[in-house]
1. Of all residues in segment B:49-105, which are part of a strand (DSSP E or B), within 7 Å of chain A (Cβ to nearest Cβ) and of a type in the set (Val, Ile, Thr)?
2. Out of (1) surrounded by 14 or more Cβ atoms within 10 Å (Cβ to Cβ); (2) within 21 Å of the chain's Cα centre (by Cα); (3) under 28 Å from A:GLU103 (Cβ atoms), what's the single condition that is false for B:GLY91?
3. Give the residues of segment A:1-49 that are at pLDDT 85 or above and hydroxyl-bearing (Ser, Thr, Tyr), sorted by residue number.
4. Residues in segment B:69-78: is at least one within 30 Å of A:GLY78 (Cβ to Cβ), in contact with a strand residue (DSSP E or B) (Cβ under 9 Å, 6 or more places away or on another chain) and surrounded by 19 or more Cβ atoms within 10 Å (Cβ to Cβ)?
5. Quick check on A:GLY115: is it at pLDDT 95 or above and at the interface with chain B (Cβ under 9 Å from one of its Cβ atoms)?
6. Checking B:ARG44 against (1) part of a strand (DSSP E or B); (2) of a type outside the set (S, T, N, Q); (3) modelled with pLDDT under 80; (4) out of contact with any Ser or Thr (no Cβ under 8 Å at 6 or more places or on another chain): exactly one of these is not met. Which one?
7. Within segment A:75-120, track down each residue that is surrounded by 14 or more Cβ atoms within 10 Å (Cβ to Cβ) and over 26 Å from B:ARG82 (Cα atoms).
8. Consider B:VAL66 against the criteria (1) touching a residue at least 40 places away in the same chain (Cβ under 8 Å); (2) more than 30 Å from B:PRO24 (Cβ to Cβ): it satisfies all of them except one. Which criterion is unmet?
Amino acid sequence: MEKDIQALLDAVSDLRTKADVSAVFGPPVTLEGRTIIPVARVAYGFGVGDWHATEADTEADDADTLEPENGTGRGGGGGAIARPFAVIEVTPQKTRVEAIVDEQKLALAGWLLVGWSVFWLARTLIQIFGKRE
Amino acid sequence: MGARNRPLTRSLGTPVTETITGIPIRIGERVLTPIVHKTTNVRRRAVMRQGQLSGQGWGFVSVRPVAILEQGPSGQRTIPIRDKTAQLLGGLLLAACIIPLLLILTVHLIRKS
């Protein structure tokens with residue numbers, strides 16, 4: 001039982017070393033004398049839990065009484081995200097990095113800024129003209 | 001944690017960022033070595049209670065490209081890979097801070113005059 005949990009926790013610790021550079025830099029693609037290397041930003045998260053009970057908790061009180069006397073429970077979950085970050089273009093003359101802009105995120109931020117600016121402008125106009133009246 | 005709970009093992013990690021270089025990519029006469037920043041935070045805990053044993057673990061890993069090291073006949077140079085989206089968002093955030101300040105200053109000047 002302790003071994004199971006130890007193995008689970010060791011597996012969680014190992015995930016720290018699993019992600020490497022190959023997850024970020026894609027394989028080079030050569031086309032018409034140019035080589036393109038796609039670059040992404042990668043992130044992932046996870047969570048796991050394991051519970052064992054082998055004997056009745058005779059000293060249980062209040063919340064502990066809700067737990068079953070014996071059994072096993074195990075669960076976990078996780079998610080990952082990969083976002084295009086840049087493209088490296090290699091030509092016989094030079095190597096250059098072309099950044100990829102997340103237009104959707106920028107458009108959302110732009111609209112928020114417009115709303116924010118309109119709010120402050122309206123507030124300013126009310127303050128100026130409200131005073132004169 | 002009560003006196004009846006006995007922690008077996010506990011690792012309350014703080015985020016760790018390390019710089020890692022990848023496998024060099026050879027393209028013609030040039031060799032490109034990718035460089036990334038890897039940020040990880042892993043927490044794990046095991047608790048022994050009377051007749052019960054439980055373990056939990058969670059964490060996240062983020063890998064961000066930083067630069068590419070180019071080695072060729074003309075020498076060696078580091079080409080940074082910048083997060084243009086973050087830079088532009090930073091500019092918008094700065095504008096969002098400056099606009100109210102300018103308008104407050106305008107109101108102040110108008111009232112003063």
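1. Result: B:VAL61, B:VAL63, B:ILE68, B:ILE79.
2. Of the numbered conditions (1) surrounded by 14 or more Cβ atoms within 10 Å (Cβ to Cβ); (2) within 21 Å of the chain's Cα centre (by Cα); (3) under 28 Å from A:GLU103 (Cβ atoms), the odd one out for B:GLY91 is (1).
3. A:THR30, A:THR35, A:TYR44
4. If we filter segment B:69-78 for residues that are within 30 Å of A:GLY78 (Cβ to Cβ), which is where we start, we get none.
For segment B:69-78, residues within 30 Å of A:GLY78 (Cβ to Cβ), in contact with a strand residue (DSSP E or B) (Cβ under 9 Å, 6 or more places away or on another chain) and surrounded by 19 or more Cβ atoms within 10 Å (Cβ to Cβ): absent.
5. Considered against the rule, which asks whether it is at pLDDT 95 or above and at the interface with chain B (Cβ under 9 Å from one of its Cβ atoms), A:GLY115 comes out as no.
6. Unmet for B:ARG44, out of (1) part of a strand (DSSP E or B); (2) of a type outside the set (S, T, N, Q); (3) modelled with pLDDT under 80; (4) out of contact with any Ser or Thr (no Cβ under 8 Å at 6 or more places or on another chain): (4).
7. A:GLY76, A:TRP116, A:SER117, A:TRP120
8. Every listed condition holds for B:VAL66 apart from (2).
The values are calculated or read from the model by the stated rules, or taken from the named source; none is laboratory data. All values reported here derive from a predicted model rather than from experimental measurement. Counting neighbours? That spans all protein chains shown, and the Cβs are built from the backbone with ideal geometry, glycine included.
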